[in-house]
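Rule-based calculations on the coordinates, nothing more; no lab input. Worth saying up front: this structure is predicted, and the values here are computed from it rather than measured. So basically every Cβ, Gly included, is an ideal-geometry build from the backbone, and we count neighbours across all protein chains shown.
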Amino acid sequence: MIYIVEDDAEIRELETYALKSSGFDVKSFDCGKSLDEEVKVCVPDLFILDIMLPGEDGLSILKRLRAQENTKNIPVIMLTAKSSELDKVKGLDLGADDYIAKPFGILEFVSRVRALLRRSGLMKTESEGTKISLGEVVLDTATRTVTVNGENVELTYKEYELLKLLLSQPGLVFSRQQILEKIWGVDFNMDTRTVDMHVKTLRQKLGDQGAIIQTVRNVGYKAQ
């Protein structure tokens with residue numbers, strides 16, 4: 001997951017579209033306050049911060065991220081229309097990992113994102129993948145397979161993505177609306193019973209391990 005903070009709507013949409021088209025999960029924000037609220041729910045793999053923002057600027061946000069335990073090691077790319085060496089030095093001294101001056105080519109932008117994630121060890125190739133496990137459930141992202149008690153379990157695409165989301169942050173409660181947005185990519189007007197139906201069938205397929213997906217009354221679901 002990549003978080004972008006950019007107050008210019010057109011630039012924000014362009015950056016978001018480019019990264020999503022390249023296979024990344026992206027959320028964008030127009031100010032630091034809205035970013036802070038989302039970080040409380042989910043910490044991303046990368047922050048992209050514009051320096052010139054209304055209210056709190058990007059450098060102040062960077063300084064705060066580096067001071068917080070849960071975000072101090074998350075990679076940060078700074079974006080700004082300023083290209084002076086002093087501005088670049090300020091960002092790097094505060095802990096930025098890369099710095100891109102506007103205007104920039106969108107292909108270079110995506111390439112720099114990929115390069116930073118590779119250097120940080122947060123973007124694995126398909127062949128490397130990663131395994132996420134909880135109880136007797138093991139999800140392998142390289143092969144997109146799930147095993148329960150050592151036996152393969154056939155899941156639909158959405159069931160797999162739902163399980164991966166919950167297993168990726170065990171103990172964290174996801175509301176039905178958040179699940180719809182992350183898995184289905186739709187707004188909050190979609191019927192949340194869609195989530196409930198998928199959770200029900202997923203639990204059934206996991207058999208005696210289905211209990212790892214817990215219902216949080218009036219909120220949503222978590223894996224634990």
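Only the Cβ atoms of Lys and Arg (+1) and of Asp and Glu (-1) were treated as charged; on that basis the dipole of the chain about its Cα centre amounts to roughly 520 debye.
Rounded to the nearest Hz, the phi-derived 3J(HN,Hα) couplings of the range 94-99 under the Karplus curve 6.51 cos²θ - 1.76 cosθ + 1.60 (θ = phi - 60°) are 7, x, 5, 9, 7, 8, where x marks glycine and proline. Exposed loop sites were defined as chymotrypsin sites (Phe, Trp or Tyr not before Pro) in DSSP loop states (anything but H, G, I, E or B) carrying at most 15 other C-beta atoms within 10 Å; in the chain the longest segment without such a site runs 1-103.
Report, in order of residue number, the helices in the chain meeting two criteria: a C-alpha extent of 15 Å or more along the helix axis, and a mean Kyte-Doolittle hydropathy of at least 1.0; treat each whole DSSP H run as one helix. Numbers along the way, then the final one.
Working: long enough: 9-21 (18 Å, -0.46); 106-119 (20 Å, 0.47); 157-168 (16 Å, 0.07); 193-206 (20 Å, -0.75).
Correct list, ordered by number: empty.
I need to check one value: relative contact order of the range 135-210, counting alpha carbon pairs closer than 8 Å and at least 6 residues apart, in percent.
Relative CO of the range 135-210 lands at 28 percent.
Residues whose amide H comes within less than 5 Å of that of C42, counting only those at least five positions distant or on another chain, are absent (H built at 1.01 Å from N in the peptide plane).
Working note: Karplus 6.51/-1.76/1.60 with θ = phi - 60° gives the range 130-146 the couplings 7, 10, 10, 9, 7, x, 9, 9, 10, 10, 10, 6, 5, 9, 6, 10, 10 Hz, where Gly and Pro are set to x.
Amide H contacts for Y99 (H built 1.01 Å from N in the peptide plane; partners 5 or more residues away or on another chain; cut-off under 5 Å): M78. Of the residues L79, Y157, Y99, the one whose Cα sits farthest towards the positive end of the charge dipole of the chain is Y157 (charges of +1 on Lys and Arg Cβ, -1 on Asp and Glu Cβ, taken about the Cα centre). Assuming charge only on the beta carbon of Lys and Arg (+1) and of Asp and Glu (-1), the dipole of the range 2-119 about its Cα centre is about 440 debye to the nearest 20.
Of the residues M1, M78, M197, the one with the fewest other Cβ atoms within 10 Å heads the list, and the complete ranking is M197, M1, M78.
Rounded to the nearest whole angstrom, the semi-axes of the ellipsoid equivalent to the range 2-119, taken from the Cα gyration tensor as √(5λ), stand at 18, 17, 15, largest first.
Think of the range 29-121 as a dipole: +1 on every Lys or Arg Cβ, -1 on every Asp or Glu Cβ, centred on the Cα centre; then among Q68, G55, C31, Q68 lies furthest on the positive end. Label separation (D36 vs V216): 2.1 nm, computed from points 7 Å beyond Cα along the C-beta direction. Our Cα-only numbers for the chain put the radius of gyration and Dmax at 19.1, 60 Å.
Amide H to amide H distances under 5 Å link D25 with I2, where only residues 5 or more positions off or on other chains count and H is placed in the peptide plane.
Its convex hull of Cα atoms gives the range 131-223 a direction-averaged projected area, equal to a quarter of the hull surface, of 5.5 nm². Charge tally for I212 (other residues, Cβ to Cβ under 15 Å; Lys, Arg +1; Asp, Glu -1): +2. Applying 1/(1 + (r/R0)^6) with r as the Cβ-Cβ distance of R193 and R144 and R0 = 30 angstrom yields a FRET efficiency of 0.70.
Taking all Cα pairs closer than 8 Å and separated by 6 or more residues, the relative contact order of the chain comes to 12 percent. For the range 2-21, there are no residues whose amide N sits under 11 Å from a probe point set 7 Å from the Cα of Q68 along the beta carbon direction.
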